[in-house]
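Scroll down for the structure; my scribbles are underneath it.
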Amino acid sequence: MKAIMIEASHSTPAINFCEDGRLLIEGRSLPEDVSSFYEPVLNWLNEYAEKPNKKTIFNFKLTYFNTASSKLLLDILMKLEEMHEKGQDVLIRWHYPEDDEDMAEAGEEYADIVDVPFEQVSY
């Protein structure tokens, strides 16, 4: 399976999904058309879920996301939960600036919604 890499812009995060199971979304997420931005990301993840690596580590390292992005992030988390429920080894790492209570709280809220091993990582 081919990796997917999307460079960050002022309003979109960097996406770096590798075939080895290391997946990263980093930066700011407030695309004008959130559905079209995340569509290839979700398609890639759906295909990956069919034959995932032995371990999948998904790193969210967002500094900001808007309400529209929060729904798509939840869609990604739900796909990871599906993989976990099928017995796949999945770990979510939610990285947030240590002085950003909003991003820390967002990670806690997502961790409460999905049943997947979830780590909060401050930096």
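The values are calculated or read from the model by the stated rules, or taken from the named source; none is laboratory data. None of the values given here were measured: they were computed from a predicted structure. Virtual Cβ from ideal backbone geometry, glycine too; neighbours counted across all protein chains shown. Ligands, DNA and RNA are stripped out before the accessible areas are found, and what is left, the full protein with its side chains, is counted by its heavy atoms. Shrake-Rupley method; radii C 1.70, N 1.55, O 1.52, S 1.80 Å.
Worth a mention:
- Only a single criterion out of (1) open to solvent by less than 80 Å² (accessible area, probe 1.4 Å); (2) under 26 Å from ASP102 (Cβ atoms); (3) in a strand (DSSP E or B) is not satisfied by TYR64, namely (1).
Table: residues versus (1) under 14 Å from the mean Cα position of the chain (by Cα); (2) over 26 Å from ASP33 (Cβ atoms); (3) not small (Gly, Ala, Ser); (4) not in a strand (DSSP E or B).
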| residue | (1), (2), (3), (4) |
| --- | --- |
| ALA68 | no, no, no, yes |
| LEU80 | yes, no, yes, yes |
| HIS84 | no, yes, yes, yes |
| MET103 | yes, no, yes, yes |
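- The single condition among (1) surrounded by fewer than 18 Cβ atoms within 10 Å (Cβ to Cβ); (2) hydrophobic (A, V, I, L, M, F, W, C); (3) out of contact with any Pro (no Cβ under 9 Å at 6 or more places or on another chain) that PHE58 does not satisfy is (1).
- Single residue of the range 105-121 satisfying the filter (outside any loop (DSSP other than H, G, I, E, B) and over 16 Å from ILE25 (Cα atoms)) that is most open to solvent (accessible area, probe 1.4 Å): ASP112
- Taken over the range 86-101, the criterion of being farther than 21 Å from ARG28 by Cα and either assigned to a strand (DSSP E or B) or touching a Lys or Arg at 6+ places or on another chain (Cβ under 6 Å) (or both) is satisfied by ASP89, VAL90, LEU91.
- Criterion: touching a Gly at 6+ places or on another chain (Cβ under 7 Å) and of a type outside the set (Phe, Trp, Tyr) - qualifying residue of THR56, THR12: THR56
- Residues (surrounded by 15 or more Cβ atoms within 10 Å (Cβ to Cβ) and either over 18 Å from LYS61 (Cβ atoms) or touching a Pro at 6+ places or on another chain (Cβ under 7 Å) (or both)) located in the range 12-42: THR12, GLY21, ILE25, GLU26, GLY27, ARG28, SER29, VAL34, PHE37
- From the list GLU39, GLU98, the lone residue that is among the acidic types (Asp, Glu) and within 21 Å of MET1 (Cβ to Cβ) is GLU39.
- Applying the condition of being surrounded by fewer than 17 Cβ atoms within 10 Å (Cβ to Cβ) and touching a Ser or Thr at 6+ places or on another chain (Cβ under 9 Å) to the range 71-98 and asking which residue is farthest from TYR48 (Cα to Cα) yields GLU98.
- The residue pairs whose first member lies in the range 15-32 and is closer than 17 Å to THR67 by Cα, whose second member is buried (at least 18 other Cβ atoms within 10 Å of the Cβ) and polar (S, T, N, Q), and whose beta carbons are closer than 7 Å, counting only pairs six or more residues apart or on different chains, are SER29/THR12; SER29/SER69; LEU30/SER69; PRO31/THR12.
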